[in-house]
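Undergrad: My structure is below; once you've seen it, I'll send some questions.
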Amino acid sequence: MRVAPVGGTAVQDHVALAEIELCGELIIAASAAEDRLSMESIDQVLRVAEERDRLPGPGADPARPQR
């Protein structure tokens, strides 16, 4: 049986880790809710409005980050 060597071989996929974290937050919110989560509740858990505010609007310079 071969075992992967320790250290230095792990690859971190930051997008996948962020998606897993958001899924976990949705699971926690759903388990705490008495009924099904509304679309607004889901958007709040996933911080959709924050992401929308962070993205540049139409005609914005894509090289200039939003604050």
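The values are calculated or read from the model by the stated rules, or taken from the named source; none is laboratory data. In this text, all values refer to a predicted model and were calculated from it rather than measured experimentally. Here the Cβ positions follow ideal geometry from the backbone for every residue, glycine too, while neighbour counts run over all protein chains shown. Keep in mind that these areas ignore ligands, DNA and RNA; they rest on the heavy atoms of the full protein, side chains included. Shrake-Rupley method; radii C 1.70, N 1.55, O 1.52, S 1.80 Å.
Undergrad: Return the total of residues in region 32-58 being open to solvent by 90 Å² or more (accessible area, probe 1.4 Å) and either in contact with a Gly (Cβ under 7 Å, 6 or more places away or on another chain) or of a type in the set (S, T, Y) (or both).
TA: Number of matching residues: 0.
Undergrad: What are the pairs with Cβ atoms under 6 angstrom where one residue, in region 39-53, is farther than 12 Å from L26 by Cα and of a type in the set (K, R) and the other, located anywhere, is open to solvent by 60 Å² or more (accessible area, probe 1.4 Å) and at pLDDT 85 or above? Sequence gap at least six, or different chains.
TA: Correct list of pairs: empty, since none qualify.
Undergrad: Next up: Please pick out the residue among A49, A18, A29 that is in contact with a helix residue (DSSP H, G or I) (Cβ under 8 Å, 6 or more places away or on another chain), of a type in the set (G, A, S) and modelled with pLDDT of 90 or more.
TA: A29
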